[in-house]
Each structure stands twice: as structure tokens, then as C-alpha cells.
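Taken together, the values in this text are just the output of simple stated rules run on the coordinates, not laboratory data. Please read all numbers here as calculations on a predicted model, not as lab measurements. Every residue, glycine among them, receives a Cβ derived from its backbone with ideal geometry; neighbour counts consider all protein chains shown.
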Amino acid sequence: MDNYSHNETTPPIYIVSGGKGLAGDAVVQSVLIQFPNNKVPVIIVPDVLNQSNIDNIVTKALVTKGVIVHTMVDPEVRKMLIESCTVCGVSHFDLVGDLSDYLSNLLNTQPISKPGLYRLSHIDYFRRVEAIDFTLKVDDGQNPEKIIQADIVLTGVSRTGKTPLSVYLAMFGWKVANVPIVPGIDPPMELFKTDPGRVFGLNISPVYLIAQRANRVRSLKLNEDSDYINKRKVYEELEHSRRIFERGGFTEIQITNKPIESSANEILTILTGRYNQEKWKNELE
């Protein structure tokens, strides 16, 4: 999908940055929230580092009648962007330049001018935010094409705690995908294209699983004669899931009566034993 496309009639705001644009986006969103129900498209344009990048985004802004909000810390690139906006008649707002120039004069020194420096200094925070965002987007089999991007993949039948375990791991910065195993439906092929050393099949005792499901059936006032809690069907479902674990060469984790913290620690211990942490944990781009 084109990063610059939008379906709104309101001209967009382009957040232009030599880094990832997170700081500019935070400022813009804090202003937009003062205008409830606004429909202003906000498009982040990261990694703008040269004249070619600048020409591209300024042209987009010109065509869509949009405005550019920028946080360029490199004074030369900032100057090129401002000049291009001025020549093309594109409105622009500089969130960094004036303050940077003031501090440079006040301190009698030049800035480092390294894009993303704030982000790097807060890498753990941004990793957690990105991991949680990723995990929610890939929860319960959504967006299967992203499975291969995950640090950890969880799979198992319904009510094995895939979502809470995924979110718990994401809170510590791990990108987690979870894939449900549903009777009569083949798992997405992406599950089997992922490094099997990162994939964990969640197993559970039939008795415990039926109890968990029965609680859900009662809370939702569903049909208590459903196959969902039928003992024979549940046994078949768990056996089917084990065959899928074996087919993919996945690691089976027993989660019966285990707190989330214990399951998470077991998974991370296995992974760090298999891989050097720096190799298997996806760093932020």
C-alpha cells in the first residue's frame, strides 16, 4: 500500500523526519486531539535524508494540498527541505530548527545532528510500544503475512491462553504472533514458513481445558451441549493440535495450571538457550 495514499477529502499532514517521525507525530497528535472528530489524515514520512527524498515528499504534499510538519535535526537537510517547500509553495512547520539554533547560540556549540538520537536513548520504551502494537495486530490469527516477522509465535486450540501470554511477552518488548488451531481449518502456511525454533505449541490437559471452556460457555450463556466442551471432541481437538506441532517441528509447552509468568519464563529460557539474544530478537528498524 502506498504510504502516501489517503481516502479523506481533508488535506493531509505529512510528518517528515530524518528518523522515524515519532516525536513529530506525538506533537501533531497532541494538537489534533484538541479538535474532536477531526478527519485530518496524518502520514509519517521517515528517513528523509537527501534532496531526492525531499523532492518526493514535497511533490506529494503539493499534489494533495497537504502541509509538512518536520523535525529535521540535520541543519543542511532542514535547509534543503525548507527551500523546496518555499519554492513549491507548500506550507511547512518546523518543530526543531528554531529551538536547535537557539541552543546552539546559547551553548556556543553545534548539535550532533543525528536523526533518531532521542529514540535510541529510549529504545526500551519504543521497543515495548512497537512490540505491543505488533502483537495486537497479529492476535488470534490476524494478518498472517506478518507471522514471520514475530520474535515468538504461539499456537494452540481455543482457551489455551494465547492472547494473554502474547500480550504479557509484548510488554517486555517481544513481538509475538498467536495462531489459533481450529478444527476443520488448516493453519496459515506462514506458520510453517517461520523458523520453527521460534514457534511454541501450547498444550493443556483436557480436563482443565473443558473447565476453562465451560466457564466461558456459562458466562456467555452459550449452548452447553456444544462440541466446544464435548469431552470426545476436545480430546480430538487436542490430538489434532499435537499433530500440527509435530508437523511444524514446534516446541510444545505445557500450560496446565501455570501462571502466565511461568510460561513466559519457560519460553524465553528456551529461546535464549537456542539463540544468541541479539540474533533472535528483532531490533527496531
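Could you tell me how far the Cα centroid of the range 230-245 sits from the Cα centroid of the range 4-61, in Å?
Their Cα centres are 49 Å away from one another.
Amide H to amide H under 5 Å from VAL16: which residues, 5+ apart in sequence or cross-chain, H placed 1.01 Å off N in plane?
Sorted by chain and number, the residues that satisfy this are VAL45, VAL69, HIS70, THR71.
Convex hull over the alpha-carbon atoms of the range 153-231: what's its volume per residue in Å³? If you can, show how the numbers build up before the last one.
Values: hull volume 8.5 nm³, N = 79.
In the range 153-231, the Cα hull volume divided by residue count equals 108 Å³.
List every residue whose amide H lies under 5 Å from the amide H of GLY156, counting only residues 5 or more places away in sequence or on a different chain, with H placed 1.01 Å from N in the peptide plane.
VAL179, ILE181, LEU202
Neighbour counts of other C-beta atoms within 10 Å: give me SER205, SER17 arranged from fewest to most. Let's see the in-between values first.
On the way: SER205 13, SER17 26.
Placing the least packed residue first, the sequence is SER205, SER17.
Can you give the convex hull volume of the alpha carbon atoms of the range 123-280 per residue, in Å³? Could the numbers behind the result be given before it?
Values: hull volume 17.7 nm³, N = 158.
That works out to 112 Å³ per residue.
Rounded to the nearest 0.05, what FRET efficiency do THR86 and VAL129 give with R0 = 30 Å and r taken as the Cβ-Cβ distance? Could you check?
On the way: r = 35 Å, r/R0 = 1.16.
The formula returns an efficiency of 0.30 here.
Determine the alpha carbon to alpha carbon distance for each of LYS146/LYS233; LYS137/LYS231; LYS39/LYS60; LYS20/LYS193; LYS146/LYS193 and list only those over 22 Å. Write down the numbers at each step before the final one.
Details: LYS146/LYS233 31 Å; LYS137/LYS231 33 Å; LYS39/LYS60 19 Å; LYS20/LYS193 29 Å; LYS146/LYS193 11 Å.
Exceeds cut-off: LYS146/LYS233; LYS137/LYS231; LYS20/LYS193.
For ASP98 and GLU76, what does the FRET efficiency come to when R0 = 22 Å and r is the distance between their Cβ atoms, rounded to the nearest 0.05? Could you put the intermediate results ahead of the total?
Numbers: r = 17 Å, r/R0 = 0.75.
With R0 = 22 Å, the Cβ-Cβ based efficiency is 0.85.
Using R₀ = 45 Å, calculate the FRET efficiency as 1/(1 + (r/R₀)^6) where r is the Cβ-Cβ separation of LEU222 and GLN34; round to 0.05.
Values: r = 44 Å, r/R0 = 0.98.
Working from the Cβ atoms, E equals 0.55.
Quick one: which residues, 5+ away or cross-chain, put their amide H under 5 Å from the amide H of GLU252? H built at 1.01 Å from N.
GLY201
In nanometres, what is the gap between the two model label sites at PHE172 and THR272, each 7 Å from Cα along Cα-to-Cβ?
Using points 7 Å along Cα→Cβ, the separation is 0.8 nm.
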